[in-house]
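Working notes, beginning with the structure itself.
Just so you know, all these numbers are worked out from the coordinates, no wet-lab data involved. All of these numbers come straight from a predicted model, not from anything done at the bench. All Cβ positions, glycine included, derive from the backbone under ideal geometry; neighbour counts span all protein chains shown.
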Amino acid sequence: MTCDRLVCANCAAPVSEGRCPVCRASRERLQQQEGIFAGLTPAALLALLVALVAVAVLARNLAG
Ligand SMILES: [Zn+2]
């Protein structure tokens, strides 16, 4: 999701221009959300799952 088409409720300008503090706050929040979603690629999720399974197996082996 991009913020190109969002219009600020405070200054009625495009949020992407960042004309007022409300615009800048909204833009930063959107960019952070994009960063989170960009990090959660299917490959990353799969790697995380494999790591969790590996830890679980190791823990079971160590517990004996
Ligand atoms: Zn604004």
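A few points about this structure:
- Think of the chain as a dipole: +1 on every Lys or Arg Cβ, -1 on every Asp or Glu Cβ, centred on the Cα centre; then among Val53, Gly35, Ala12, Val53 lies furthest on the positive end.
- Amide H contacts under 5 Å for Val7, placed H, 5+ residues apart: Val15
- Charge tally in the Cβ shell below 14 Å around Pro21, where Lys, Arg are +1 and Asp, Glu are -1, Pro21 excluded: +2
- Cα centre as origin, Lys/Arg/Asp/Glu Cβ charges: the chain dipole, Debye: 100 debye
- Estimated from helical segments only, the mean residue ellipticity of the chain at 222 nm is -22000 deg cm²/dmol, where each DSSP H run of four or more residues counts as -39500 (n - 2.57).
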